[in-house]
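Okay, so here's the structure we're looking at.
The values are calculated or read from the model by the stated rules, or taken from the named source; none is laboratory data. Here the structure is a predicted model, which is why all the values come from computation and not from measurement. Glycine also receives a Cβ, built like all others from the backbone with ideal geometry; neighbour counts cover every protein chain displayed.
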Amino acid sequence: MDEVFKALADDSRRALLDALRERDGQTLHELCAVRPDMTRFGVMKHLRVLEEAHLVLTERSGRTKLHYLNAVPIREIHDRWIAPYRAPVAAGLMALRDRAEGATT
C-alpha cells in the first residue's frame, strides 16, 4: 500500500488517473495533453510510478502502448482505511437525525 499512497500523493499523477477514469486506454501522447506544462519524459516517469503501484496497467497494440486505470488498489485502501471509520460516524449521524426528528414530532 505504500506505493499506492506515494503514487496518489502527487497531483500530476492524480490528474493522469482522472484522465484514465474519464477515458480508459489512452496513449502516452494523449496523456501528455493532460499536463501540457510537463515534458513527455516527465509524464513517462509519473506513469512508471503509477504502474509500479499497480494503479495503471498497460497493453501493447502494435507500436502503440495503451494505459488503463486499475482501481483495485484504490478500493483496497477504501476497504482498509475508510470504510471501517465511516460506519460508526454514519450510524451516529443517523441516530442524531432520528433524535432531532423525534423531538419535532
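Annotations for the structure displayed:
- Cβ pairs under 8 Å, 6+ apart, first in the range 11-26 and on the phi > 0 side of the Ramachandran plot, second not charged (D, E, K, R): G25/L66; G25/H67; G25/Y68
- Any hit, the range 77-97, residues being at pLDDT 85 or above and of a type in the set (S, T, Y): no
- Residues of the range 27-44 that are of a type outside the set (A, V, I, L, M), farther than 16 Å from Y68 by Cβ and surrounded by 13 or more Cβ atoms within 10 Å (Cβ to Cβ): C32, R35, G42.
- Here K65 clears all of (1) assigned to a strand (DSSP E or B); (2) not assigned by TED's automatic domain parsing to the domain that holds G25 except the condition numbered (2).
- Checking every residue in the range 1-14 against the condition of being in the same structural domain as T64 (by TED's automatic domain parsing), surrounded by 11 or more Cβ atoms within 10 Å (Cβ to Cβ) and touching a strand residue (DSSP E or B) at 6+ places or on another chain (Cβ under 8 Å) gives zero matches.
- Total residues in the range 18-41 satisfying the condition of being under 25 Å from M1 (Cβ atoms) and of a type in the set (G, A, S): the figure is 1.
- Listed by position, the helices (runs of 4 or more DSSP H) inside the range 8-52 whose residues that are within 15 Å of the chain's Cα centre (by Cα) and of a type outside the set (K, R) number at least 1 are 11-22, 40-52.
- Tabulated pairs, the range 32-44, first under 18 Å from L57 (Cα atoms), second assigned to a helix (DSSP H, G or I) and among the basic types (K, R), C-beta under 6 angstrom, 6+ apart or interchain: C32/R40
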